[in-house]
C-alpha cells in the first residue's frame, strides 16, 4: 500500500510545498479512508496482528522434517475398523470417534499408506494469517493428501469416509508423537469430530525442533485428492448418505451438513489457489482481510472465551466473503430478479473501503432469507434449489461445492449482522467523544453484560437430549444437535422481539490424542439484543382459529406447548396466542427472558435452576424491602408523583382570582418527576407518618418552580424581592389551605444569612401525603445580582449604592443558585424527561447508576444527580443528536445501560470535556459545568474510577457467579475514620442496601420517635454538609445518601506533618513539646483525637461510635 | 507524657478537656492594627479584648462566656471578626451575625431596626423580625474569636496559663439531632408571623425608599437632563424604568457598554481575496501546507499512541 515516507523526503523545510507524490498520499488517506489519522492508525495496527519473521526458519525446518518423516511411515495393511482402534489404543492413541460408530460386522476396512502430497494451506499458506485472541498461536494448516487407494466409491456412506480419515489421523498422531519432540493434540472445531485435526506444538526447550519462536502451531489436516473415487454428485445437499437402523427416523433423510463436511476435505488446496489469485487481483485484499479478521476476532467470531457459535476455524468464510464481494453473484436459475444481482466491487478499492463494503454486506444481508452464490467460472455445480431447500443459511463458494454456513446457526448470523450494523453506524457518524478506531478494532467486545440487553446463563448438563439419531448424525455430535435445536427454537419463539440472539460458548479446547471424544459443552451464555418496538409485546399471535389443523397451527402449539391457547381478541379475531401476564413494569421488561425460560423448560426440561439471569437481582437493588411496603400502606411511583404534581398545579391555577399576579407556569425540577429517582417515591400521609418508626419516615420533598406573569410592581431591590416572595407564599398558602381541605402549606424560610438569596420555599403537603416545595422565579433577580457582582458592567447605575466584598461574595453564591435552580434545572428536567420517553431503558440505567454511586458513598456530596443523568445519557445518545432508539448501539435494558456506563467511567478522562447534545435550545457546552462545579474533585474522580474498574471486574464475574450484591457493597477499609450512626433515627435507613428490618420492627425503641411530622427531613445530609464545611481542610467525608448509616472520612494528607503555628491556620491544632530549644519556630500538629471528640459532640444523638482505622 | 509548652508565639495555650483528649485554645490580647479607622477600635476596645484562636466549631457565646467565667464578666463575643469585611456604613446596619450575637445575650428582645432609626426624625414603621430562637452556628474548625471583657483586669487573668485543663462548658442550645430538628421547626414559622414580617419589612423598605428618593439627585417624574440636553433613560422594572419622562428604553447593550451600536450595517468585504493570481496561489499553497501540518500532527499523535502499545488489540 501507499507508504507515506514524508519523513525522509521532506525533512529540511517544513515550509516547502509538498511533492506531488506526498500530496497524493495525503489526499488519498483522507479520501479513501475515514480520515488521515484513521489511515495512520490502520497502518500502525496491521503489523501488530501479523506473524513476525522470527522463527520462520525453524518452522520451515520442522515442516520439512515432518514431511520427510511422514512419507516414510510404513503402510498398514487393511484392518477392520474396530480391530484397528484396539491396536492403536494399545499404543495410547485414540481414534477420534465419529457417530455412528461402525458395527463390528462391517465389511469395509481401514488402512494406512503414507501421504502423497504435503501443502501448507489456509491463511498461513497465503501469508495472510491474522493473530488470534491472546494466547493462541498462529495456526499453520498442513494438508496431507491421503492416497486414493485407501478409499472406495461408496465411502461417502454411513460415515465411512470419516472413520477412515480418523484412523489415518490417529496413525499420523501415533507416529509423529513418537518421532518428534512435540506436543500433540486433537482439535475438533465446533466439537464436531468430523472436523478433527492433529495439532503439533513445539515443546519449550525441545532440542531438535523448537519453532516456538514463530508463535505457531501446526494443524495436520488429512485431505482427499481431487481424483478420489468419491463422486461429488453423491454429495449434493439433498442426498441422503447415512442409513440409521432405528425406526424413529425416516429411512431416507437428506444429510446436507454431513455432505458438506466431506466436501470440505476436498477443497483445501483449491481454496488456497483461489485466495492467492484474489490476493493478486485485489491489491487491498490482504489489508482488508486482516482488518475484517481483527474486527471479527474482537467480537467473538473466531476463538476466545465467549464465541458466537459456528465461526470456529472458519477462516475461509472471511476470504470467501471478500471474494464474493469482488466477483459478484452467480445467477440463480432463471429468476427474473437478475437486476438485483450484486455488482462486483472495483479492484482499486482501499483496504478500508473494502472492509466497509464487507460490513455493509453483512449488515444488510438477511442470511435467513436470501442465499448467496458466489460467481463461479463454470456455473452451478448442483441446482441452487438443492441448497435452498436443505440449508438454513447459504453462502456457497466460488467453486460451487461448499456452503460455508452449513453449520452456522442463523442466530449467530443475526448477531454478525447486528455487529456490522453497529460498527457501520459508528463509522458513518463518528461521535464527538468516542474514538471510532478503537471501538472498531481495538476494544474487545467480550464483556457480554455491556453487549447484550439480557444475558442468560444456561447449564446444559441436565438438558434432555431428545434429538433424533438422524439429527445427531447430521450435526456430528449430540452437543451440536442440541445447540442447533436451541438456536432455531429460540429464534422462532422470540421472533422480531430481538434483533439478535447470541449463543456463546468457549472455543472447543484441544484434547490429548489419547482421548477419542471432544469434551462436551455444559455452560452456554445466551445473549439477547432487543428490538425495542416489539421486545415487550404482551401477546404473541399465532394462526387463526379457522386453520386449527394446518401445519402452522401445529407448529405453533408445538413451540409453545401448554401456553398456546385459543383466545378471542377485542377486534373479533380468534387466534392461537400466547399471552404474557405482567403486573409491574419490571416484569414487562422480563418478557423476552421469560420466553427463553419457557422454551428451554418446555423443550429441554431445563428448570429455572439451570437458566439464570441477573435481571431479578438487579431489580431487587432498586426496590425497598417488602415489609417496608407493607408498613407504608401506599403505592407510590413516578406516575403517582406526577399525578400529585398535576393536582397541585391545578389547585394553584385555580387560585388565580386570589393572587395579585397570574400564575403562568409551574415547572418540575425533581428527579422524582422525571423517572430517574433510585427509589420510586412514596407518599406518606400525616396520619400514617405518626405510626411509622423513624427509620421509615423519609418523605421526599419535590421541588417545583412557579413562574408568574411579569409585573412592574416588583421592587427593584433583592432583599425586598425576597420578602415580597414571602408575602406571596403566605397568600398562596392561606388560599390553598382554604380551598383544599386536607392540604397543608407552610413556608420554609431557609434560615440563611445571605440576604440576596431566595431560600424561602412554599411547602405544600397534600392530603395523600406528597410533599412539594415551590420556589418563585423572578427574572429580575439575575440582573440585580449581576449589578452587585460587577458594578463596572453597568453604564448607568440606578442607585448609587456601593457593595463591599462580602456582599459581592454573597451575591455570587446567590447568583449561582439562581442560575442553577431557575435556568438550568428546568431545562435539564425537560431534556431528561425527553430521554426517558425516547429510550425505555434510560431511566432504569440512571436509577441503577445512582444506586451504585450512592452505595459507594459518592452521590450528592461528590457527584451531583444531574451530572450522573448526563453521563448516563452517553451510551444512549452517543454524542449524536439524531440517534434513535433502534440504533444498534443503544442499550435496551437497564442492566446493559448500567454496564456501559461503568465501562465509560472506568476509563473516563474527566479532564476531557464531555459533550452531549441534550439541550435542544442551547449550545451544549455551557450546561454541564453547572452540575459539576461542586465536584467531583480529583480525589472523588479517582475513587470513582477505581470503583468502576472494580465493578466491571465484579460484573464480569457476575456473569458466572450471579452475585451482584457485591457490586453494591462498599468496603470501608480505606477510610481513616468511620462514623457509625444510629440507624433508628435516620428516616431513610430503610433504603440502605443492607437494611435490617429489626431496626424498624423494634417497637420498643420508640422512645426517640417523635410525633411531629417533618416532610423532607433527613439529618444525614445536613450533618454531612456541616461536617464537610466545618472540616473542609482537615477531612474529606463520604456517605451513602440512600439510607447510609455510616460516614467515612479520610484525613487530608496536607495536614500530616507538624507545621509552624499560625493564628488563621484553619485546623484544630495541638502544640508540640519543644525538643530543641534552639529552634525558635513553634510547631503545632493536627489534633486528631480532639477533632473526633468534636465530631461526636456535633452529632449528639446521631453518632453511635467513631471507629478509627489507623494508629493514632 | 511530654510537657506541652505554656506559650506559643506569644499566645497563651489554654487546654480544654474533651472526653478522650484535649483541645487547645490559644489566647492573646487583641492589638488593633495601626492603620485602621477608629471604627474597628470602637468594636474591639483595646485593653479588654481577648483574641482567641482555635475555638471549637460549635462554640456559642454562652459557652465561651462560661469558660472565662472565673476571669471576669464577658461583655460580648465576636466570632470570625474580619475588619476588611465589616461594612463601612452605619454600625447597626452592619454584620447581622454580630448584631444577632449581641442580641442573644439580651434577655428582652428589642426590635433591631428600632435602635437604628431612633436618630431619624419622622417615625419609621416598625419591622417585625422572624423568630430566632437561640441555635448553634457552626463555624469552620480552627477559627478565631474576639472576647470583650467588661473589665480590663480580666484580660491579664485570662492570659495567665491555666494550671489544669478546663472542661468544655455546655450551654442549653441543642446539639446534633435535636439541633437539626429544632432548626427544621424554626425554619418553618407560623404563617401569620411571616406575614407580619414581610409586611413590616416592606413598610420599612418603602419608607426608606421614599426617604432616599428625597435625598437623591434624580427625582421621579422629572426628566434628568444633562448639560448637552439629553434625557437619561434607564432600564428597570419589567418594562423599563424611566427616571425622567415617558421616553423609550435604553437598549440592553447600551446599558452594559454605554456605547451606541448604531444601525447594523452589513459589512461587505470590498476587496476580493482571490482576484489576483498570486492570491489564488497563496491560498492554494496555504491549504496544502495546512493539510500537511494536520497530517504531521496526526502522525505524531499516532506515534505517541504506538509507543503506549495501544495498537495491540489483544
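Might you check whether a residue that is in contact with a helix residue (DSSP H, G or I) (Cβ under 9 Å, 6 or more places away or on another chain), assigned to a strand (DSSP E or B), surrounded by 22 or more Cβ atoms within 10 Å (Cβ to Cβ) and modelled with pLDDT of 85 or more occurs anywhere in the stretch A:1077-1087?
Kept after step one, since they are in contact with a helix residue (DSSP H, G or I) (Cβ under 9 Å, 6 or more places away or on another chain), are these residues of the stretch A:1077-1087: A:1085-1086.
Checking which are assigned to a strand (DSSP E or B) leaves us with A:1085-1086.
With surrounded by 22 or more Cβ atoms within 10 Å (Cβ to Cβ) added as a condition, the list becomes A:1086.
Okay, now just the ones that are also modelled with pLDDT of 85 or more, so A:1086.
Yes, because at least one residue in the stretch A:1077-1087 is in contact with a helix residue (DSSP H, G or I) (Cβ under 9 Å, 6 or more places away or on another chain), assigned to a strand (DSSP E or B), surrounded by 22 or more Cβ atoms within 10 Å (Cβ to Cβ) and modelled with pLDDT of 85 or more.
Please indicate, with yes or no, whether at least one residue in the stretch A:528-549 is closer than 30 Å to residue A:219 by Cβ, outside any loop (DSSP other than H, G, I, E, B) and touching a helix residue (DSSP H, G or I) at 6+ places or on another chain (Cβ under 8 Å).
Our first condition is that a residue be closer than 30 Å to residue A:219 by Cβ; within the stretch A:528-549, this holds for none.
No, the stretch A:528-549 has no match at all.
Take residue A:4 and decide whether it is surrounded by 17 or more Cβ atoms within 10 Å (Cβ to Cβ) and modelled with pLDDT of 80 or more. No, not satisfied. Residues in the stretch A:568-600 that are touching a strand residue (DSSP E or B) at 6+ places or on another chain (Cβ under 8 Å), part of a loop (DSSP other than H, G, I, E, B) and closer than 18 Å to residue A:532 by Cα: A:580 alone.
In the stretch A:397-418, which residue that is at pLDDT below 90 and closer than 19 Å to residue A:357 by Cα is surrounded by the most Cβ atoms within 10 Å (Cβ to Cβ)? Among them, the one singled out is A:397. Tallying residues that are in a helix (DSSP H, G or I) and either farther than 18 Å from residue A:491 by Cα or free of Cβ contacts under 8 Å to residues at least 40 places away in the same chain (or both) within the stretch A:556-567 yields 5.
One residue alone among A:66, A:46, A:59, A:32 is under 30 Å from residue A:441 (Cβ atoms) and touching a strand residue (DSSP E or B) at 6+ places or on another chain (Cβ under 8 Å), and that residue is A:59. For the stretch A:49-71, state whether one or more residues are at pLDDT 85 or above, surrounded by 13 or more Cβ atoms within 10 Å (Cβ to Cβ), farther than 24 Å from residue A:511 by Cα and within 11 Å of chain B (Cβ to nearest Cβ). Within the stretch A:49-71, one or more residues are at pLDDT 85 or above, surrounded by 13 or more Cβ atoms within 10 Å (Cβ to Cβ), farther than 24 Å from residue A:511 by Cα and within 11 Å of chain B (Cβ to nearest Cβ). The single residue among A:157, A:235 that is under 26 Å from residue A:389 (Cα atoms) and surrounded by fewer than 19 Cβ atoms within 10 Å (Cβ to Cβ) turns out to be A:157. Listed by position, the helices (runs of 4 or more DSSP H) enclosed by the stretch B:1-113 that each have at least 3 residues that are modelled with pLDDT of 50 or more and in contact with a strand residue (DSSP E or B) (Cβ under 6 Å, 6 or more places away or on another chain) are B:61-67.
Scanning the stretch B:188-224 for residues that are modelled with pLDDT under 85 and in contact with a strand residue (DSSP E or B) (Cβ under 8 Å, 6 or more places away or on another chain) yields B:223, B:224. Where helices (runs of 4 or more DSSP H) sit wholly within the stretch A:218-305, those with at least 2 residues that are within 23 Å of residue A:158 (Cβ to Cβ) occupy A:256-264. Cβ-Cβ contacts under 6 Å between residues 6 or more apart (or on different chains), taken from a first residue in the stretch A:53-66 that is in a loop (DSSP other than H, G, I, E, B) to a second residue that is surrounded by 14 or more Cβ atoms within 10 Å (Cβ to Cβ), are listed as A:54/A:213; A:55/A:211; A:55/A:213; A:55/A:214.
Give the residue, chosen from A:523, A:503, A:513, that is modelled with pLDDT of 85 or more, surrounded by fewer than 19 Cβ atoms within 10 Å (Cβ to Cβ) and touching a strand residue (DSSP E or B) at 6+ places or on another chain (Cβ under 7 Å).
On the way: A:503 fails: surrounded by fewer than 19 Cβ atoms within 10 Å (Cβ to Cβ); A:513 fails: surrounded by fewer than 19 Cβ atoms within 10 Å (Cβ to Cβ).
Going through A:523, A:503, A:513 in turn, the sole match is A:523.
Quick check on residue A:284: is it closer than 30 Å to residue A:346 by Cβ, touching a helix residue (DSSP H, G or I) at 6+ places or on another chain (Cβ under 6 Å) and in contact (Cβ under 8 Å) with a residue 40 or more places away in the chain? Considered against the rule, which asks whether it is closer than 30 Å to residue A:346 by Cβ, touching a helix residue (DSSP H, G or I) at 6+ places or on another chain (Cβ under 6 Å) and in contact (Cβ under 8 Å) with a residue 40 or more places away in the chain, residue A:284 comes out as yes. In the stretch A:26-48, of all residues being more than 32 Å from the chain's Cα centre (by Cα) and either more than 9 Å from chain B (Cβ to nearest Cβ) or assigned to a loop (DSSP other than H, G, I, E, B) (or both), the one that is surrounded by the most Cβ atoms within 10 Å (Cβ to Cβ) corresponds to A:28. When the stretch A:257-275 is limited to residues that are under 17 Å from residue A:327 (Cβ atoms) and over 38 Å from the mean Cα position of the chain (by Cα), the one that is surrounded by the fewest Cβ atoms within 10 Å (Cβ to Cβ) turns out to be A:273. Take residue A:642 and decide whether it is more than 21 Å from residue A:954 (Cβ to Cβ), at pLDDT 85 or above and out of contact with any strand residue (DSSP E or B) (no Cβ under 6 Å at 6 or more places or on another chain). Spelling it out, residue A:642 is indeed more than 21 Å from residue A:954 (Cβ to Cβ), at pLDDT 85 or above and out of contact with any strand residue (DSSP E or B) (no Cβ under 6 Å at 6 or more places or on another chain).
Given the criteria modelled with pLDDT of 85 or more, more than 9 Å from chain A (Cβ to nearest Cβ) and under 30 Å from residue B:28 (Cα atoms), does residue B:167 qualify? Break it down into steps so the answer makes sense when it comes.
Values: modelled with pLDDT of 85 or more: yes; more than 9 Å from chain A (Cβ to nearest Cβ): yes; under 30 Å from residue B:28 (Cα atoms): yes.
Spelling it out, residue B:167 is indeed modelled with pLDDT of 85 or more, more than 9 Å from chain A (Cβ to nearest Cβ) and under 30 Å from residue B:28 (Cα atoms).
The residue that is nearest to residue A:734 (Cα to Cα), among those in the stretch B:172-186 that are modelled with pLDDT of 85 or more and either more than 9 Å from chain A (Cβ to nearest Cβ) or part of a loop (DSSP other than H, G, I, E, B) (or both), is B:182.
The values are calculated or read from the model by the stated rules, or taken from the named source; none is laboratory data. Fair warning: this is a prediction, and the values are worked out from it, not measured in the lab. Methodologically, a virtual Cβ is constructed for each residue, glycine included, from the backbone with ideal geometry; neighbour enumeration extends over all protein chains shown.
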